[in-house]
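Heads up: the structure comes next, in structure tokens.
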Amino acid sequence: SIFIIIFFLARISYGAAVGFPITVWPHPTVFDWTHPQAIRLSPAFTISSAAHRYLTPAVRRYIRRIRSEKHLPLVPPRLNLTSSPPLRRLRITVSDAAAPLAHGVDESYNLSIPCTGEPAAVAAATAWGAMRGLETFSQLAYSKAPRRLGCGIYISDAPLFAHRGVLLDTSRNFYELEHLLRLIGAMSMNKLNVFHWHITDSQSFPLLLPSEPDLADKGAYSPEMKYTPADVATVVEYAMERGVRVIPEIDMPAHTGSWSKAFPEIVACGDEFWWPAGADWSDRLASEPGTGQLNPLIPNTYRVVGNAIRGVASLFPDQFYHAGGDEITPNCWKSDPSIRKFLQNGTLSQVLEIFVNATLPAILSHNRTVIYWEDILLDAEIRVHPSLLPPRNVILQTWNNGTNNTKRIVGLGYRAVVSSSEYYYLDCGHGGWVGNDTRYDDLKGGGGGGGGSWCSPFKTWQTIYNYDIASGLSEAERELVLGGEAALWSEQADPTVMDSRIWPRAAALSESLWSGNRDRNGNKRCAEATDRLNEWRHRMVTRGIAAEPIQPLWCIKNPGMCNTVN
């Protein structure tokens, strides 16, 4: 509720810029460190907790990290070292060990670190909250030998938003398993809890489904560029051990050109040139190269789609299933003879309604909640009637028109996940990628307008951090905003740039969704966050995440000198 949000904001303490010598990211909601000191960590330091399928591996991982990580902050902490015996143990208690990792699970925790050498303690409602506490504890450790830890600390922490995620598109360019796992590991460090895996699109179908293997066998870029069921199981298990849910997206009925390799008869305008010569933009067959949309009027469409849904549901245990529904291009469907005949007495919206009426129940039969992109309800030309999308079963993900579309969605009673392209699209601002683009032949330096990128400019970490995803909403409407996701679409991204495109900008999202982007007076705290994000980015790099820099190193070495006064 809004009361809880105000309560959290009122109690937020501040980071290194106002006296805390060690950065914790995202900043905890309550951080009490009245007399900052440090304590030695025993070489035999350990963590004790009750056995748990996912928490126990996390405990082992954090023991290794805390014992071995040789992190040295960019600004050396000015902490007096207590004369107490070294800290030997962190005790974890969980009140509801059976709570599954699902949307809305309690991720709260309390952390206390005494300076006496007595055991530190994490008390959490669930194993997933305990993982968040472990991450915070690990960030308070620093130095080489002997290892040290901030002490005299009490933290009480919980997220503002339950859904905090990153979307990665693995269809346009392929990402080997190691890169997906590295992304999930970095998400866990930032207390992000949803990996939205946009697995398939028109360009390729890399997911091998035993229920319909031809989709990947013929639709993947190569035999080596496929995700097997064993690969998916590895990703899901790895994510569970880090408190990260994996939500699959199989986009349809548009963005399905890759399906035509196996089933050309069910795909309209498959493998055609995307924007015919001399045609107006409104007459394009797709919004980018890679054409093809499932034909809802072909009976075999539903056999293939049903098998795909069944296969995906069997591989991914999460309660949410993303079914796409975006960017249906009118001319693609109009190019198909069977649809043209239907349009003599019907509409394209009715064609889409036929598809939704057949496929939504199929997904719901697997006890899933369905996420669609906002287009399915808000598109200006092709959309379904709200009566076909029960809000109890359907969540809408917004990507256009900022908070205006969020308000439209929640105003209709739907839950919303926010991925506004104006703020959260990480691929924007890298220029156009279609060939033979004469807009770049401009002696005046126009560069195609916006650099040729449809969603320019580049979304800076400050843009992401300052975005208030529930701005302008009533208290009741805010309750329907589940959270947000930063999105990396991969037309111009692959594993070589993944880390730097996502980090540390997704870290900015993580703090804004975890503890907010405002101070206790209600003012934006982006300026205060800069030094902390510099430190956190540095730590991520030492942990093997190639996050891009946000400033010259000189800035954090000379506090305040890189700020503007205007």
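The values are calculated or read from the model by the stated rules, or taken from the named source; none is laboratory data. Because the structure is a prediction, the values reported are computed rather than measured. FYI the Cβ positions are ideal-geometry reconstructions off the backbone, even for glycines, and counts take in every protein chain you see. Side chains are part of the model used for accessible areas, which takes the heavy atoms of the whole protein and leaves out ligands, DNA and RNA. Shrake-Rupley method; radii C 1.70, N 1.55, O 1.52, S 1.80 Å.
Please give the Cα centre distance for the stretch 356-378 versus the stretch 18-82, rounded to the nearest Å. Computed from Cα coordinates, the inter-centre distance equals 43 Å.
Tell me which of LEU396, VAL24, THR530 sits at the most positive position along the dipole axis of the chain, charges placed on C-beta atoms (Lys, Arg +1; Asp, Glu -1). Of the listed residues, the answer is VAL24. Taking amide H atoms as placed 1.01 Å from N in the peptide plane, the amide H of ILE153 lies under 5 Å from those of ILE113, each 5 or more residues away in sequence or on another chain. Computed from Cα atoms alone, the Kirkwood hydrodynamic radius reported for the chain is 24.9 Å.
For the chain, the solvent-accessible area of protein heavy atoms averages 39 Å² per residue (probe radius 1.4 Å; ligands and nucleic acids excluded).
In terms of the mean number of neighbouring beta-carbon atoms within 10 Å, the peptides 188-198, 538-548 order highest first as 188-198, 538-548.
When you restrict to C-alpha pairs under 8 Å that are six or more residues apart and normalise by the size of the chain, the relative contact order lands at 15 percent.
What's the carbon and sulfur percent of the chain's accessible surface, probe 1.4 angstrom, rounded to a whole number?
Values: 11690 of 22050 Å².
Looking at the chain in its full context, I get 53 percent from C and S.
Classify the stretch 439-560 from the C-alpha gyration tensor, please: rounded if a/c falls under 1.5, else prolate or oblate depending on whether a/b exceeds b/c. In terms of gyration-tensor shape, oblate. Distances between placed amide hydrogens fall under 5 Å for ARG147 paired with LEU41, all partners being 5 or more residues away or on another chain. Cysteines in the chain that lack a partner Cβ within the 4.7 Å cut-off: CYS526.
Relative contact order of the stretch 30-158, please, whole-number percent, based on alpha carbon pairs below 8 angstrom and at least 6 residues apart. Please report the intermediate quantities before stating the final value.
Working: 276 pairs, mean separation 47.7, N = 129.
Relative contact order of the stretch 30-158: 37 percent.
Each pair of Cα atoms in the stretch 220-312 enters the Kirkwood radius, and Stokes-Einstein at 10 °C and 1.306 mPa s then converts it into a translational diffusion coefficient of 103 µm²/s. Quick one: grab the alpha carbon gyration tensor of the stretch 67-150, order the square roots of its eigenvalues as a ≥ b ≥ c, and give me rounded if a/c is under 1.5, else prolate or oblate depending on whether a/b is larger than b/c. Since a/c reaches 1.5 and a/b is larger than b/c, the shape of the stretch 67-150 is classed as prolate. Taking the average, over residues, of other Cβ atoms within 10 Å as the packing measure, peptides 160-166, 349-355, 176-182 rank 160-166, 349-355, 176-182 from highest down. When the P(r) of the stretch 344-400 is calculated, the portion above 17 Å amounts to 37% of the C-alpha pairs.
Return the subset of LYS261/LYS407; LYS218/LYS407; LYS407/LYS459 for which the Cα-Cα distance in this structure is over 32 Å, preserving the input order. LYS261/LYS407; LYS218/LYS407, as the Cα separations exceed 32 Å there. Across the stretch 26-105, the relative contact order, built from alpha-carbon pairs under 8 Å that are at least six residues apart, equals 48 percent. Taking R0 as 41 Å, what FRET efficiency do you get between SER95 and SER314 from their Cβ-Cβ distance, rounded to the nearest 0.05? Taking R0 as 41 Å, the efficiency between SER95 and SER314 is 0.80.
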